[in-house]
């Protein structure tokens, strides 16, 4: 059986999104919980890679890191104002349902 994805939310992902996704039974770690607020983007991506977590972010700088060839567990990216909290929660729950850790490796999922 394929191993499910786990999320690492950067510090800008809204608290209600964390609450909604984690209440769905999905393993979510925030930058705040990990004590990683304010650290450089490459360091955040390396942490997510080491933890084998999909980095969820609104920050387009992570897309540039991906395009530079840096290896990562995965990046789930969207514009900060594109979705309501509920819509973003549903998208992340859906991504969790249809993906696994192996299929997400070094991929960007544009939400």
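Since every read-out is calculated from the coordinates, none of them should be taken as a lab result. Treat the numbers as computed from the prediction; the structure is a model and nothing was measured. All Cβ positions, even for glycine, are placed from backbone atoms using ideal geometry, and neighbour counts span all protein chains on display.
Worth a mention:
- Sequence of 37, 78 once ranked by neighbouring C-beta atoms within 10 Å, starting from the fewest: 37, 78
- Using the Cβ-Cβ distance between residue 81 and residue 2 with R0 set to 35 Å, the FRET efficiency works out to roughly 0.60.
- Residue exposure sequence - 10, 61 - by fewest surrounding Cβ within 10 Å: 61, 10
- Taking region 70-111 and a reference point 7 angstrom along Cα→Cβ of residue 27, the backbone N atoms nearer than 19 Å belong to 72-76, 92-107.
- Plainly put, region 56-111 has a radius of gyration that is 0.97 times its Kirkwood radius, both from alpha-carbon atoms, as the Rg/Rh ratio.
- A helix-only calculation puts the chain at -11000 deg cm²/dmol for mean residue ellipticity at 222 nm, using -39500 (n - 2.57) for each DSSP H run of at least four residues, averaged over all residues.
- For the residues 22, 68, 99, a GNM of the chain with alpha-carbon springs under 10 Å puts the largest fluctuation on 68.
- Listed by Cβ neighbour count within 10 Å, with the fewest neighbours leading, 110, 7 appear as 110, 7.
- Beta bridge orientation in the chain: antiparallel %, DSSP, nearest 5: 0
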